[in-house]
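Here the structure is laid out as structure tokens; the discussion comes afterwards.
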Amino acid sequence: MSKILIRMWCLGNTSLKFCGILTAFSMVCLTATPVAAVEGEETLFKAELEHTGFFAVVAKMGPVVGQTELMGGFRAGWIIDHTLAIGGGIYILTEAPLAREIGPGRREDLDYRYMGLEVEYIHNSSKQTHLSFYTLVGGGDVKYEKHVFYLDGSERDQFFITEPGMNVIFNVTKFFRIGIGGSYRFTGDVELRGLSNSDMDGFSANLTLKVGKF
């Protein structure tokens, strides 16, 4: 059942739509204001939480199908009380690691991307240097693009992914931050010809450029 849901979600041109949702979501977060609590009411958490948000550009360097590759992506999130961020991210392979000639006038490329929900814990956000810990849970799409003379075709598969990670965050200005860290991809249900889950798994070194109200 999970495999069917991932296929339905990943098929089609979802990347551009997802980027648009992330951008709109970050704008809503940036303009959100806290709601005042009823005077005198006792609650488990602080009565007036601050709501802010961010948008980020991410570069990841790590193994894909046994080769070190660069991935680019975007993140956006709603930050609750400078501590908990809830949002999403999308990441796309910048070059095909299996780009190869398979005959006269014939070429085969590998395309790889994934996206998902991200939850991040931010420790001591106001400090000039601090830590954050996050996890992405979502799905992805991997496919072979075949180019035979002037004819194109493809084989594709969808997969499940979980990616925990951490960042060291540097507060450059009030509205701009740089994160340096790493993450590890755990994938499941990879069934494309010649590939397995281990081909998609791996550690990535990450660089994140964040803008927003933190």
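Listing 65, 172 from fewest to most neighbouring C-beta atoms within 10 Å gives 172, 65.
Neighbour counts of other Cβ atoms within 10 Å put 55, 175 in the fewest-to-most order 175, 55.
With each label modelled as a point 7 angstrom along the Cα→C-beta vector, the residue 131-residue 143 pair spans 4.1 nm.
Rounded to the nearest 0.05, the FRET efficiency derived from the C-beta distance between residue 198 and residue 121 at R0 = 45 Å is 0.95. Hey, rough spin-label estimate for residue 180 and residue 92, points 7 angstrom out along Cα→Cβ, what's it come to in nanometres? Output for this residue pair reads 2.8 nm. Of 107, 185, the sequence from fewest to most neighbouring Cβ atoms within 10 angstrom is 107, 185. May I ask you to derive the FRET efficiency for residue 162 and residue 61 from their Cβ-Cβ distance with R0 = 30 Å, giving the value to the nearest 0.05? Given R0 = 30 Å and the Cβ-Cβ separation, E is 0.95. The slack in the chain from residue 155 to residue 172, taken as 0.36 nm per residue of separation less the alpha-carbon distance, amounts to 1.7 nm.
Readers should treat all values here as calculations from the given coordinates under stated rules, not as data from a laboratory. Predicted, not measured: the structure shown is a model, and the values here were computed from it. No Cβ is skipped: glycine too gets one built from the backbone with ideal geometry, and neighbour counts run over all protein chains shown.
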